[in-house]
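Input: a single structure, listed below in structure tokens.
No lab work stands behind these numbers, since they all come straight from the coordinates. What you are looking at is a predicted structure, and each value in this text was computed from that prediction instead of being measured. Using ideal geometry, Cβ is built from the backbone for each residue, glycine included, and neighbour counts are taken over all protein chains shown.
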Amino acid sequence: MSCELCPRHCAVDRSVSPGFCGCSDTMRIARIGLHRYEEPCISGIGGSGAVFFSGCNLRCVFCQNKVLQTGKLGQDFSPEALADALLELQRIGAENINLVTPTPHTNGICRALDLAKSNGLSLPIVYNTNGYLSVDTVDKLSNYVDIWLPDFKYHDQRLADRFSSAPRYFETALAAIGRMLEHGGQLVLDETGRAKKGVLIRHLVLPGCVFDTRDVLSAIADHFGTDTYLSLMHQFTPQPDGKAPLNRRLTKREYDSAVEACLSLGFTRVYIQEEQSATFAYTPDFSDEVNVQA
Ligand code: SF4
């Protein structure tokens, strides 16, 4: 079957050779476990039941999970094995199932969720994505996903090319997130503050690029309204081989300026991150052998 799951349109048969994302037609997973460093409405008290898929359709030069980009790290999972792991996450107290960088594995994920739900999985399903997916893929997932957690990384295509090798990033993310909102609506929290359904948009503020943050936020306000829930992320961490402007941390002034842009546009539902989050300590450990971690 020819893969068209994302805007790369590789049109390859992944049972024969991988596409740009590095993924074959078998799901490869590098970590499954409770994750406590998401937004409070996602992590809750018990932790989010995160499944980190190996492989990615972007090549972000600043990615904190870069070891996963090529799709080689981790262990192959059948839909049956993933369904069992999701049920185990529910058993150990996960607040939700958090599918991280899932797009290349959409078909296997849908099969796993069908199996797990028929065996009692009742947790909300979080689709934690880089925002670079097609509207058709969003439609395909609409009966499976409760909480959409997309990045909206760039407005300026020059940044998308330079930092993520992502043609037409802005138009693609805008269309995909628009469709997520059509399916799920704005984020809804329960009485304890846990996310139940809807859309929470993440934006990572990059050093030297606050001008683009302002443009992304303006676009969100114009297209989706200022009722939209945002997570304004401060956790950019320079890589050892990072080049200017990504060879330094974000300054307090830059992050404050991004927060000010949110507030002056009229957003009120904004998660703000502490400066201390800009550290590799928040990067999970990945390994070749994958067991469900409490
Ligand atoms: S999911 Fe992978 S193989 Fe499929 S179109 Fe996207 S990058 Fe290409």
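Relative to its Kirkwood radius, the Cα radius of gyration of segment 165-277 gives an Rg/Rh of 0.98. Taking 10 °C and 1.306 mPa s as conditions, segment 1-56 diffuses translationally at an estimated 121 µm²/s according to Stokes-Einstein applied to its Kirkwood radius (Cα pairs).
Of N98, N119, N107, the residue with the greatest mean-square motion in the GNM of the chain, using alpha carbon springs below 10 Å, is N119.
Of all DSSP beta bridges confined to the chain, the antiparallel ones make up roughly 30%.
For K66, the lysines whose Cα comes closer than 22 Å to its Cα, not counting residues fewer than 8 places off in the same chain, are K153, K243.
By other beta-carbon atoms within 10 Å, ranking S142, S264, S134 with the fewest at the front produces S264, S142, S134. Computed from point charges on the beta carbon alone (+1 for Lys and Arg, -1 for Asp and Glu), the dipole magnitude for segment 31-277 about its Cα centre is near 560 Debye.
Projected onto their three principal axes, the Cα atoms of segment 60-169 cover extents of 47, 29, 23 Å, largest first. Each Lys or Arg adds one and each Asp or Glu takes one away; over the other residues whose Cβ falls under 15 Å from the Cβ of S24, this sums to 0.
For S78, no residue whose modelled amide H falls within less than 5 Å of its own remains once neighbours fewer than 5 places apart on the same chain are excluded. In this structure, the amide hydrogen of L189, modeled 1.01 Å from its nitrogen in the peptide plane, lies closer than 5 angstrom to those of K196, counting only residues at least 5 positions away or on a different chain. Normalised by residue count, the chain yields a Cα convex hull volume of 119 Å³ per residue. Only one residue of F170, F211, H35 has its Cα farthest out toward the positive end of the dipole of the chain, where Lys and Arg carry +1 and Asp and Glu -1 on Cβ, and that residue is F211.
When V135, V51 are arranged by Cβ crowding within 10 Å, least crowded first, meaning fewest neighbours, the order is V135, V51. Neighbour counts of other Cβ atoms within 10 Å put L68, L99 in the fewest-to-most order L68, L99.
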